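Asks: Starting off with a structure, shown below.
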Amino acid sequence: MRIILIAILAISFYSCSNNAKSHQKPAADSTKTVVSDSLSDEQLTEEARLILQYFNNKEYDKLAKSTGSEGLRFSPYAFIDTTADVVLSADQLRKAATSKEKLVWGNYDGSGEPIKMTIAEYFADFVYDTDFLKKGEVSVNEFTQRGNTTNNIKEAYTGCVYVDFLIRGEKAEFDGIDWKAIRIVFRLVEGKAVLVGVVHDEWTI
């Protein structure tokens, strides 16, 4: 009789134990990737380097694919004029090498004369006008006031991130004012860096 009772109790315990396990939540799958709205400084720098390569190699189709639906704004100097700076669509970027249309990109510092150029000419003079990829000192979301022009990137591109490439002045006779910089601006959308702005910077009077 005692043996039968022990057997019944053992069966009941086993049944309850299995029941409890069946109601437990499955363990989280540690192999699943969580999509984040932010990118590391290293990832942003790599994205910015790719953009500079596209400009340098004249790979305008790749540049167009990196650009968002709002277009890509170009600023010849540190101050970003959101009402007057040229904004190119992805289609205009694809045709950059062959477009003969001259656009007014702003005014030259000093003379005040209009910067009237084709897209390809502007890219050569106000985007990749020096070897930023090899010589540029890189910083992310940081800048120092280097010239006399107000840097309003944080106000003009609210909620965006940017990578700054600085080449310091090299010629002694210019006392360091021959520096140049380029800032590549991204808007982060569902963990992806979308290109929205290119800001050229140099010493201004």
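A short reminder: the numbers here are calculations on the coordinates, not readings from a lab. Please read these numbers as outputs of a predicted model, since none were measured by experiment. Cβ coordinates were reconstructed from backbone atoms using ideal geometry, including for glycine residues, and neighbour counts include every protein chain displayed.
Asks: Where does each of 131-141, 192-202 land if you order them by average Cβ count within 10 Å, highest first?
Replies: In descending order of packing, they fall as 192-202, 131-141.
Asks: Once all Cα-Cα distances of region 41-202 are split into 10 Å bins that start at 0, what whole-number percent is in each one?
Replies: 10, 42, 38, 9, 0
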